[in-house]
1. Looking at E89, E104, which one is under 16 Å from the mean Cα position of the chain (by Cα) and either over 20 Å from D161 (Cα atoms) or at pLDDT 95 or above (or both)?
2. Among the residues of the stretch 111-134, is any surrounded by fewer than 20 Cβ atoms within 10 Å (Cβ to Cβ), farther than 22 Å from S156 by Cα and small (G, A, S)?
3. Could you run through the stretch 152-170 and say how many residues are more than 15 Å from G98 (Cβ to Cβ) and among the hydrophobic types (A, V, I, L, M, F, W, C)?
4. Scanning for something aromatic (F, W, Y) and under 20 Å from L35 (Cβ atoms), does the stretch 115-127 turn up at least one residue?
5. Note down all Cβ pairs under 7 Å where the first residue falls in the stretch 63-76 and is at pLDDT below 95, the second is loosely packed, with under 14 Cβ neighbours inside 10 Å and part of a strand (DSSP E or B), and they're at least six residues apart or on different chains.
6. Could you check how many residues of the stretch 49-85 are within 14 Å of N127 (Cβ to Cβ) and assigned to a strand (DSSP E or B)?
7. Assess whether T121 counts as being assigned to a strand (DSSP E or B), more than 14 Å from the chain's Cα centre (by Cα), farther than 30 Å from A46 by Cα and of a type in the set (V, I, T).
8. Out of T163, T157, which single residue is touching a His at 6+ places or on another chain (Cβ under 8 Å) and either at pLDDT below 95 or within 21 Å of L32 (Cβ to Cβ) (or both)?
Amino acid sequence: MKRLMILILFFSTILAACSTDSDQNELSTQELKDLVHDYSTDKKTAEAASISSSNLVITEEGKEVTYDLSKNDFFVSIAPYEMATHPCENHSLTGCQGEMRNQEFDLYIEDTDGNVIVDKTINSFDNGFIDLWLPRNKTYKTKIEYNGKVAESDISTFDKDGTCITTMQLI
């Protein structure tokens, strides 16, 4: 009887350790960035995928899986617009839709010390958003230009800051 109990305990431990039903997973920083990109560009689909300042949460077949984000990198997604926008705090990789799909923008971002972080031409995805990974715990001056129109805003990357920027109207 004692031997049977030990065997049951042993196999229960092995099965629990091998279970894939965990709600918390780990990926390297690059694997996580690639996963976010795949959801943003519709290379991967899910019932829902959203990203906050600290976690990526993916829901598939009613099961939620959470990935912790890097302590160094902060995800932000910007949807420049001319006429229509929506309120948003944490970006839904599978639900948010910006107005300006597949458009080319000139993007300039510098930190408060004057260091240039981004200065390039970039295309929005099919969802109308531009995804960026910026250093955490900073404030940035952001400027987006499109066909002679400009949007400027300060954005920040501190804990609890939103990851979805839908307030940059091109005028």
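The values are calculated or read from the model by the stated rules, or taken from the named source; none is laboratory data. Note that the structure is a prediction, hence the values are computed from the model and not measured. Ideal geometry is used to build each Cβ from the backbone, glycine not excepted, and the neighbour counts take in all protein chains shown.
1. Sole residue among the options that is under 16 Å from the mean Cα position of the chain (by Cα) and either over 20 Å from D161 (Cα atoms) or at pLDDT 95 or above (or both): E89.
2. No, the conditions are met nowhere in the stretch 111-134.
3. 2
4. Yes, the conditions are met somewhere in the stretch 115-127.
5. none
6. 6
7. So T121 fails the test.
8. Only one candidate qualifies: T163.
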